[in-house]
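> The structure under discussion is supplied below as structure tokens; questions concerning it will follow.
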């Protein structure tokens, strides 16, 4: 046990040490990407309304006309002090954007992930178990078509069918306006807040609002899980210990359900982490389609206003979350399967 | 002369050997290959013969002095209906195929030209250069690809006039790290193979070794990844179009942009302006994915046996799904 | 099979992480709504930058401020000119360089603080001290200082004579705030609702940026803008009009104000249970022509474009009649408006006249022209509008138009510095002809950078600003419009209606739709 824990510690330290230069590169990339583009928040707000001299004066007052390297130094200095800044267009602290809107994204991606895993598991397990049968063909085809469907197109169809034609489900926002206006804020995660207050009518309202966006995002990303789980089931069913179990006369059903499936699911954890980057990307589209006030939605709005501070903050958080997830996944894997620690 | 003939012969044998698995493909892989090739081919033909096949121009709004109706239902004169600008939906889909394939083709070419040599050099020489490049590429990888593409397209949109080029570059940048990583990892495993060692022992120059021995070995992987990435690239391009970046509406028909304009139609019960371009995206991406997966299963037994790609030490494990190339 | 317990550990760890991530977030200030049944729920695609009036210069924020604050002069329903609100009246000295206002007594802010001249001085001084990047302080750039004469009288000393100062007193820069609450040199944050106090009809009780603003009636409001006829207002913010339309149809929101696409307005007009209300509007759209860059530096080319402009087609085909063709920078319905372009170039496009004017100037046709437009800032229909313009100009065979577009942030910075012909829109700071002329044609304040400079025009506009009587002012305004049409550095082409959409149980929308372009939510009721 002693050696195991010390090697895990060493692995952890090395892994973490590498995060620093990586985050630095990320920050620099974000800065360069935002500042090289023409136009600044002042021109975005005042262009087409105020004389160029006024725009120039205000840009100067706010320091947007300083050399890029000076701005870069200032930017890094602020971040080192843990200050992600305040948005220029509406003076929100980037920290609060991340808490409030991040909570909305968390809520959406969490349920989307659950739906993706459920869809992926069901179809993937059946496909893998009955390899090369018509069920398998159907399952794989479903996986591919679903992966090939853009989130925004599925969202459009969902709005058309459930919003316009059937009028069953709300197609925008996290909750109806009255519910939201009356709700108390504890965690910013709506469905948790409703549970904390024991406010079941609000809870039901929130769940109804979650259904379309989470299902849309979840189904599309379920395609990836289908592929992965199917492969793992097929591989596991060929493993020696499964053969051994069969040889011991354990009935097939028990072999499949107790041995094969469980092990086939282990790699799913890894992929959950791997998919986070994609899922967040998809969240941008889902959020703009369903007016879901998450980080992706805010990013889209702030990008239009050329609000450096907001975009930098959000992009950095997106990237850090992905990096953090990959580290957690690596540790999880190292914890489960010591062979991973090379 | 003789050496040239030998080389040519060697090459044709190589190609035949490479193609053999396709001919030998059985069952599902075969079906996937055929369906995928068929679908992709349909769109390629649409793109090439758009001027002949398309009933109207992508921005044509009148014919014979008679202006098309706005948002007209599908009918025999406009099979898929018309848009708010009185253009023909079917024509925009046909011309759109051209835009999609142009952008994706360019993006793939750029991606390969940048990613493959970088991966070869980085993997073969190793050392500080390798570590630095890997770190940089991993940092790029940490961005959600769509986010990176949006920011790049936004940035280039102001200075580059051709929307096709802007979109292609935005997509390229998101895929370079993938090519880089796949090629680099493969090079590392090939580098220590006996025949490479032998060449090195005989005094071959590093770039000769890279070109002669490593490149051909490594490049086998590329078609599969490229096809799967093409599918991904179409999705990224249409997402850019949907958000209003990339190809501008006056420069060409683009399916993602058409779907975004159709969002307000859909809320008014007008389904044909969004449904058809959306289906076109789904079909093209499905075709490319089937083709890629079919190729993957038949051509590449190495990949077939591969377990989930463990990333080399230090790199965050952010393999995109297209790299988990499993049957 | 050691996998299972470990998986369970991991799951527990994961959940704990999730919980940690969300705990410790402070609750926002919120007071419950009194009555949800009579609360009006409005949807909008506008955005709010700062609620604090010293930090905003956009319509979405101004709409919020309208509910929370008052000015010395305001436009209650039915009034088209500045009307006493927190002031009982304002008068100018003979030179029109000092305006003195007497203030209403006994008015209280929503927190109970009394309203006095100190608040007025404080409000103007802090706008100038803060100099917010929104540029709102530019509106009172003619103000030298504010002096108080006792608690209930203030004098505005101006740098140059200004007959339109009362209009300035109705703008965002002249909003009155409580000097005991608002810092002299800092903007109050949007979520700090308990410090965003005013004297207006409502109190902002909860604000979630980008999502929702909740207003409850202000118990201290003195009713000078009209009494509050509902139990509160919620404004819900949408980033796409399509989702807002579905919300309206499903009854999630009661009404929507700004803005749908033309297709959506048309569809809503046909939906039962929903009414589209239309009032005269003051928003205009125009094409700027650069007088320094070829080919539009040639007057004949500019005139040819004026002859060909497809105003009717844009209004009917693209906007389904929700905008009306505009033939002068000053919108129809405003005092002083003349149909300048109609008189000089005709109401309908004429290819023959365009051809003649180009031929007379020996211009080789087709003229190659690049026209710039921007996709998101002026609504989705911009794409269709500019396609229509391109089609019309190309159809004449006199022009070969290439369309180019740029994202707003880039576009708004560039304008006339690089573009030869480009789309812009205008929403007035105050509804008077002056605000449709000076920012465009006075060489000192022309923001379009299109290079237009005319000594005659400059002299006229200078006279206008110091005019002694309204009649004299309006006659100058008319002359200026004719010169503008003759020189054609800008081609105005439509004037928008003020549109709002309501469900059948919502009443009182029509009354507030007038050229002042103010959504007076307090007049709206729900049955």
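The values are calculated or read from the model by the stated rules, or taken from the named source; none is laboratory data. Remember, predicted model here, so these are calculated numbers, not experimental data. Positions of Cβ are backbone-derived with ideal geometry, glycine not excepted, and every protein chain shown enters the neighbour counts.
> Among the numbered criteria (1) surrounded by 24 or more Cβ atoms within 10 Å (Cβ to Cβ); (2) within 14 Å of residue A:157 (Cα to Cα), which one does residue B:269 miss?
(1)
> Would a scan of region A:51-58 turn up a residue that is surrounded by fewer than 21 Cβ atoms within 10 Å (Cβ to Cβ), touching a helix residue (DSSP H, G or I) at 6+ places or on another chain (Cβ under 9 Å) and in contact (Cβ under 8 Å) with a residue 24 or more places away in the chain?
Checking region A:51-58: not a single residue is surrounded by fewer than 21 Cβ atoms within 10 Å (Cβ to Cβ), touching a helix residue (DSSP H, G or I) at 6+ places or on another chain (Cβ under 9 Å) and in contact (Cβ under 8 Å) with a residue 24 or more places away in the chain.
> Let me ask another. Could you grab me the full set of residues in region A:159-178 that are crowded, with 21+ Cβ neighbours inside 10 Å, more than 9 Å from chain B (Cβ to nearest Cβ), in a helix (DSSP H, G or I) and touching a helix residue (DSSP H, G or I) at 6+ places or on another chain (Cβ under 7 Å)?
Within region A:159-178, no residue meets the criteria.
> Out of region C:349-386, which residues are assigned to a helix (DSSP H, G or I) and within 28 Å of the chain's Cα centre (by Cα)?
Across region C:349-386, the qualifying residues are C:381, C:382, C:383, C:384, C:385, C:386.
> Something else: Inside region C:409-506, counting only strands (runs of 3 or more DSSP E) that do not spill past its ends, which hold 1 or more residues that are at pLDDT below 95 and either within 14 Å of another protein chain (Cβ to nearest Cβ) or farther than 30 Å from residue C:321 by Cα (or both)?
Result: C:421-426.
> For region B:242-261, does any single residue satisfy the condition of being modelled with pLDDT of 65 or more, more than 7 Å from chain A (Cβ to nearest Cβ) and more than 30 Å from residue C:404 (Cα to Cα)?
no
> Here is a further query. Conditions: (1) touching a strand residue (DSSP E or B) at 6+ places or on another chain (Cβ under 7 Å); (2) crowded, with 23+ Cβ neighbours inside 10 Å. Residue B:230 meets all but one. Number of the miss?
Going through the list (1) touching a strand residue (DSSP E or B) at 6+ places or on another chain (Cβ under 7 Å); (2) crowded, with 23+ Cβ neighbours inside 10 Å, residue B:230 breaks only (1).
> So, one more: Of all the helices (runs of 4 or more DSSP H) wholly in region A:7-80, which have at least 2 residues that are modelled with pLDDT of 75 or more, within 29 Å of residue C:378 (Cα to Cα) and within 11 Å of chain C (Cβ to nearest Cβ)?
A:52-61
> Does residue C:256 count as surrounded by fewer than 23 Cβ atoms within 10 Å (Cβ to Cβ), within 13 Å of chain B (Cβ to nearest Cβ), more than 22 Å from residue A:104 (Cα to Cα) and within 25 Å of the chain's Cα centre (by Cα)?
Against the criterion (surrounded by fewer than 23 Cβ atoms within 10 Å (Cβ to Cβ), within 13 Å of chain B (Cβ to nearest Cβ), more than 22 Å from residue A:104 (Cα to Cα) and within 25 Å of the chain's Cα centre (by Cα)), residue C:256 does not qualify.
> Checking residue B:110 against (1) crowded, with 23+ Cβ neighbours inside 10 Å; (2) touching a helix residue (DSSP H, G or I) at 6+ places or on another chain (Cβ under 7 Å), which single condition isn't satisfied?
(1)
> Please go through region C:174-212 and give me each residue that is in a helix (DSSP H, G or I) and under 30 Å from residue A:100 (Cβ atoms), ordered by number.
Those that are in a helix (DSSP H, G or I) and under 30 Å from residue A:100 (Cβ atoms): C:193, C:194, C:195.
> List the number of the failed condition for residue A:118; all other conditions in (1) within 26 Å of residue A:299 (Cα to Cα); (2) more than 12 Å from chain B (Cβ to nearest Cβ); (3) under 20 Å from the mean Cα position of the chain (by Cα) hold.
Unmet condition: (1).
> When you scan region C:387-408, how many residues do you find that are at pLDDT below 90 and outside any strand (DSSP E or B)?
3
> I've got another one for you. How many of the residues in region C:219-249 are assigned to a helix (DSSP H, G or I) and either within 7 Å of another protein chain (Cβ to nearest Cβ) or in contact (Cβ under 8 Å) with a residue 60 or more places away in the chain (or both)?
8
> Further question: Among the numbered criteria (1) assigned to a helix (DSSP H, G or I); (2) away from chain A (no Cβ under 14 Å), which single criterion is violated by residue B:78?
The single condition residue B:78 does not satisfy is (1).
> Right, something else. Quick check: anything in region C:158-168 under 22 Å from the mean Cα position of the chain (by Cα) and within 13 Å of chain A (Cβ to nearest Cβ)?
No: region C:158-168 contains no residue that is under 22 Å from the mean Cα position of the chain (by Cα) and within 13 Å of chain A (Cβ to nearest Cβ).
> Could you tell me whether residue C:347 is at pLDDT below 90, away from chain A (no Cβ under 14 Å), surrounded by fewer than 23 Cβ atoms within 10 Å (Cβ to Cβ) and over 30 Å from residue C:171 (Cβ atoms)?
So residue C:347 fails the test.
> Residues B:269, B:278: which one is at the interface with another protein chain (Cβ under 7 Å from one of its Cβ atoms), closer than 16 Å to residue B:82 by Cα and at pLDDT 90 or above?
B:278
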